Amino acid sequence: MAEVIKETIAPEEIAGPIERGFLAKFTVLKGAQRELWLTFLIKFLIYTAYSVTNKTMVLWLSKDLGFNDQAAGAIVGWVWAPAMTIFTLLAGSLTDAIGLRRTFFLGVGICTVARSVMVMTTNPSLALACGVLPLAVGEALGTPVLLAATRRYSTIAQRSFSFSVIYVIMNIGYLAAGFIFDYVRQLDLRFSLFGYEPTTHQQLFLVSLAFEILLFPVIYFLRRSADRPTSSDANRAVSGSWSRIATTVRQSAVETARLFHRLLGQSGFYRLLVFFLFIGFLKAIFLQMDYVFPKFGDRELGLHAPVGRLSAINSILIILLVPVIGALTQRFSAYRMVVIGGIICAAGVFIMALPTDWFQSIANGVIGQWLGHGYLGVRGAVHPYYVMSAMYLAVFSIGEAFYSPRVYEYAAAIAPPGQEASYGALAYLPFLVGKLLVGTAGWLLAAFCPEHGPRHSGIMWFIFALAASIAPIGLIVLRPYIRIQEAGRQD
């Protein structure tokens, strides 16, 4: 995600006039290469499979492999998620060396083997060593390739809209995964294949494995001729041995180290790191939808509660709100919009810390009944936490639509001339910070929302809300020290 992939622009990318006008923005993909549409399909399949796995991971670790809340949280927060981020940083070099199509095949092949292991075994050591860790590598290979493929297979006129489509497709994948997650869990199937009886969580991994297998024929139809080398060094690497590929990756690592050495000498770099550290607290709240919500839902709302549909509220609103809010707030500085978005996000989390009795009348009313019975498919009484969760996710999504896109803009806007890509790459550091922070969620679950015994979930959510509040408070208090003038902005 954070890597910069070197690419050349094909002659056909600069051919033809760039259409102007409002409607032309939506018809610009007319006549796009077949490979661009295949890239969109690959994006959907990859992110649906990834999101189904992500939502299942903590439940699988505890229910199938026997890890307690603390250990399960540490594994997803301090091993699985950070490993994926780190491998993503290294994946760009491999893509340069062997090309998009080969990297796609390699990543999908690794994911297929890893998911198969996770489906078939409940041995903790084998599942982690041959399933979770390789899966992080395979998933990491797909991220930079998708970004590079979107750029390569689109013309200059199509590029901006293509990246918008990619963002929307990612959220559609998350949306589909939420419904799949709930559907498989509520089916609660019990069947045997030659003596093998997959658990509900292994069945979810089977679904993600099916999406993974569908990727093979899609990638196959990417034309080899369209997958041109990204550099002369890469061309030699493809025609040579794997040792040359290793050399390319090693050279890229050296260049990356030199880049960071130059950045360390700039005062703006440290101020940007502090900015990203605060954003990490907001990303941790976003990540808890996959790593905390499933267990919280099962324990407070009942086994197999429709937490997937609840989390889908975020995807639906992001798809609708980001373009609108982005268009309406263009004239405001990125830093200001990040602060406003952070305040809204933190306010949303506080809703979950309020007494459930306050929302009982809403749960019993028209809105609560529609939400519970109409949208979520709940039977019987609608628990107030359903209403509270929907309100929290709605408010949080509004805040996310304000701040999330502007984080990347801020990084690019404050970068010294010629270093826009380097600063832009750093914009993914908040995800790493958020993943490390969310690793502590297991201790909070065990203390305030245990599987057995009295629960005080409101306290857990109050702690999450305080953590989210660190971001806007820190950005406001330390603004004179960490804010950098944005290019083209006066405020």
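Give, as a single signed number, the net charge of other residues whose beta carbon lies under 11 Å from the beta carbon of Tyr50, with Lys and Arg counted +1 and Asp and Glu -1.
Numbers: positive: Lys43, Lys55, Arg115; negative: Glu139, Glu212, Asp290.
Net charge in that neighbourhood comes out at 0.
Quick check: with the 1.4 Å probe, what order do Tyr385, Tyr481, Tyr375, Tyr270 take by accessible area, largest first?
Ranked from most to least accessible, the order is Tyr481, Tyr270, Tyr375, Tyr385.
Could you rank His383, His452 by how accessible they are, 1.4 Å probe, largest area first?
So, going from the largest accessible area down, we get His452, His383.
How much FRET efficiency would the formula 1/(1 + (r/R0)^6) give for Ile484 and Leu133, where r is the Cβ-Cβ distance and R0 is 51 Å, rounded to 0.05?
Calculated value: 0.85.
Starting at the first residue of segment 48-57, write each ³J(HN,Hα) from the Karplus equation 6.51 cos²θ - 1.76 cosθ + 1.60 with θ = phi - 60°, in whole Hz, x for Gly and Pro.
5, 4, 5, 5, 4, 5, 4, 5, 8, 3
Would you mind getting me the FRET efficiency between Val113 and Leu277? Use the beta-carbon distance for r and R0 = 22 Å, nearest 0.05.
0.05
Working with all protein chains in place, sort Arg115, Arg271 by solvent-accessible area computed with a 1.4 Å probe, largest first.
Arg271, Arg115
Report relative contact order for segment 268-391 in percent, whole number only (criteria: Cα-Cα under 8 Å, sequence separation at least 6).
Here the relative contact order equals 25 percent.
I'd like the distance between the alpha-carbon centres of segment 24-84 and segment 140-216, rounded to an integer number of Å.
6 Å
The values are calculated or read from the model by the stated rules, or taken from the named source; none is laboratory data. Remember, it's a predicted structure, so these values are computed and weren't measured experimentally. Here the Cβ is made from the backbone with ideal geometry for all residues, glycine too, and neighbour counts use every protein chain on show. These accessible areas exclude ligands, DNA and RNA; they are computed on the full protein's heavy atoms, side chains included. Shrake-Rupley method; radii C 1.70, N 1.55, O 1.52, S 1.80 Å.
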